[in-house]
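Read the structure below first, then the notes.
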Amino acid sequence: IARVVYARASNSGWLAGMQRHGFRGAAEIAATLMHMAAFANLAGVVGPQLFDSYHDATLGDEAIVQFMATHNPDALAAMRDCFRQLYEAGLGQTRRNSIPDQLEAYARHDKNKRDGVPLPMCPCRLVMVCLCALNLLMAS
């Protein structure tokens, strides 16, 4: 997983390539985070430093944020929400105080902008819901 994150997902060349694809490229950037979140939740193989690296390469880069806001604002909002959920769930414990603060500011901004329309569920939250339901079924 680390090789994929460092060689592809956090790589400025890959991100530049995604920018050439407009809406679909922004969706792929967001989908990469969703896949990382699923791996973190199901297998526990995604370290917090990988989430920090991906955050720096995406939401930490103003050019990427502007690209996503222009071409696929829903993907940008979903990424912000997913990062926030990862940190709240303890799957992405960052060493920097600035990331959680930035994500909280984004959450307030996105909530005001979307007027209460719910975002798609992040896989880390979705997997937790599914696992809880499975445990309930197995217990009965």
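Rolling a 1.4 Å probe over the protein heavy atoms of the range 6-87, with every protein chain left in place, gives an accessible area that is 56 percent carbon and sulfur.
What the Cβ-Cβ distance of Arg8 and Glu88 gives, at R0 = 35 Å and to the nearest 0.05, is a FRET efficiency of 0.85. Computing FRET efficiency as 1/(1 + (r/R0)^6) for Asp74 and Ile1, where r is the C-beta to C-beta distance and R0 is 30 Å, gives about 0.70. Per residue, the range 1-58 exposes 48 Å² of solvent-accessible protein surface, assessed with a 1.4 angstrom probe and all protein chains in place.
The values are calculated or read from the model by the stated rules, or taken from the named source; none is laboratory data. Model, not experiment: these values are computed from the prediction. Reconstructed Cβ throughout: ideal geometry from the backbone, glycine too, with neighbour counts over all protein chains shown. For accessibility, only protein heavy atoms count, side chains too; no ligands or nucleic acids. Shrake-Rupley method; radii C 1.70, N 1.55, O 1.52, S 1.80 Å.
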